[in-house]
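Okay, so here's the structure we're looking at.
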Amino acid sequence: VNATPVAPVLNNVVLTCSQTSANETWASIPNSTDYRFDVSLDSSFGTFISGYQDVSVAPSASPSAIVNGLTPGATYYVRVRTVTGCGISANSNVATMSVPITRTTDGGVTWDNGIPDNSKKAVFVCTGSIAMVTPINACSCQINSGVNVVVGVPGGTNTDAILKLENGLNVFGTG
């Protein structure tokens with residue numbers, strides 16, 4: 001009986017704020033002859049990181065793929081397929097290679113993964129104008145479309161507010 005190969009199951013890889021390479025591992029699939037590995041900045045895999053599309057990974061007792069050249073603070077998406085004599089599996093689940101992310105929908109009053117610090121990426125997902133009233137120290141920051149974050153306006157209510165970033169700031173759309 002020729003069965004469709006089983007796709008591996010991937011786990012998220014947690015990165016440090018300055019990490020530029022990572023190793024994704026998965027359990028070996030019986031009778032695999034190869035694995036095909038993809039990396040993207042897009043969770044839909046509309047584009048791929050140069051050199052990381054359909055990369056061949058030799059089967060082993062503990063298969064893994066090392067990804068080099070990561071931009072610190074960015075989120076990468078990875079997936080893999082199993083190749084056997086019966087064909088190629090569907091894509092695995094999509095896993096991330098990322099620093100821990102914490103999101104706010106209320107302008108920084110509450111965060112879904114704890115208050116940002118220099119090990120986390122702070123993501124503003126609410127809409128409208130946000131006047132920060134407390135300092136935020138984060139590995140990196142993402143401000144989604146429709147969000148206007150006001151930091152440290154002299155003479156305002158948030159004079160002491162500071163947004164300190166270790167790596168980068170990504171602004172999507174307009175705020």
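The values are calculated or read from the model by the stated rules, or taken from the named source; none is laboratory data. Quantities reported herein were computed from a predicted structural model and do not represent experimental measurements. Virtual Cβ from ideal backbone geometry, glycine too; neighbours counted across all protein chains shown. Note: accessible area is taken over every heavy atom of the protein model, side chains too, but ligands, DNA and RNA are not part of it. Shrake-Rupley method; radii C 1.70, N 1.55, O 1.52, S 1.80 Å.
Looking only at the stretch 135-151, filter to residues that are of a type outside the set (Val, Ile, Thr) and crowded, with 21+ Cβ neighbours inside 10 Å; which one of those is farthest from the chain's Cα centre (by Cα)?
Filtering the stretch 135-151 for residues of a type outside the set (Val, Ile, Thr) gives 135, 137-142, 144-146, 148.
Right, trim to crowded, with 21+ Cβ neighbours inside 10 Å and you get 138-142.
Details: Ala138: 15, Cys139: 13, Ser140: 12, Cys141: 12, Gln142: 12 Å.
Filtering first and then ranking leaves Ala138.
Look at Gly85 and say whether it is more than 14 Å from the chain's Cα centre (by Cα), under 27 Å from Cys141 (Cα atoms) and of a type outside the set (S, T, N, Q). Against the criterion (more than 14 Å from the chain's Cα centre (by Cα), under 27 Å from Cys141 (Cα atoms) and of a type outside the set (S, T, N, Q)), Gly85 does not qualify.
Per the listing Gly107, Gly73, Gly175, the residue uniquely at pLDDT below 85, over 18 Å from the mean Cα position of the chain (by Cα), open to solvent by less than 40 Å² (accessible area, probe 1.4 Å) and not basic (Lys, Arg) is Gly107.
Can we say Ser98 is on the phi < 0 side of the Ramachandran plot and surrounded by fewer than 18 Cβ atoms within 10 Å (Cβ to Cβ)? Walk me through it before giving the result.
Working: on the phi < 0 side of the Ramachandran plot: yes; surrounded by fewer than 18 Cβ atoms within 10 Å (Cβ to Cβ): no.
The answer is no for Ser98.
Restricted to strands (runs of 3 or more DSSP E) entirely inside the stretch 1-66, those with at least 1 residues that are free of Cβ contacts under 8 Å to residues at least 24 places away in the same chain and open to solvent by less than 50 Å² (accessible area, probe 1.4 Å) are 55-57.
Looking only at the stretch 117-134, count every residue that is part of a loop (DSSP other than H, G, I, E, B), open to solvent by 10 Å² or more (accessible area, probe 1.4 Å) and out of contact with any Lys or Arg (no Cβ under 7 Å at 6 or more places or on another chain) and tell me the total. Show your work before the answer.
Restricting attention to the stretch 117-134, the residues satisfying the condition of being part of a loop (DSSP other than H, G, I, E, B) are 117-120, 125-127, 132-134.
Subset that is open to solvent by 10 Å² or more (accessible area, probe 1.4 Å): 117-120, 125-127, 133-134.
Then keep just the ones that are out of contact with any Lys or Arg (no Cβ under 7 Å at 6 or more places or on another chain); that gives 117-120, 126-127, 133-134.
The total comes to 8.
Select from the stretch 92-118 the residues that are more than 25 Å from Thr20 (Cβ to Cβ), in contact (Cβ under 8 Å) with a residue 12 or more places away in the chain and out of contact with any Phe, Trp or Tyr (no Cβ under 8 Å at 6 or more places or on another chain) and list them in ascending order.
First, the residues of the stretch 92-118 that are more than 25 Å from Thr20 (Cβ to Cβ): 104-112, 115.
Narrowing the set further to residues that are in contact (Cβ under 8 Å) with a residue 12 or more places away in the chain leaves 104-108, 115.
Result: Thr105, Asp106, Ile115.
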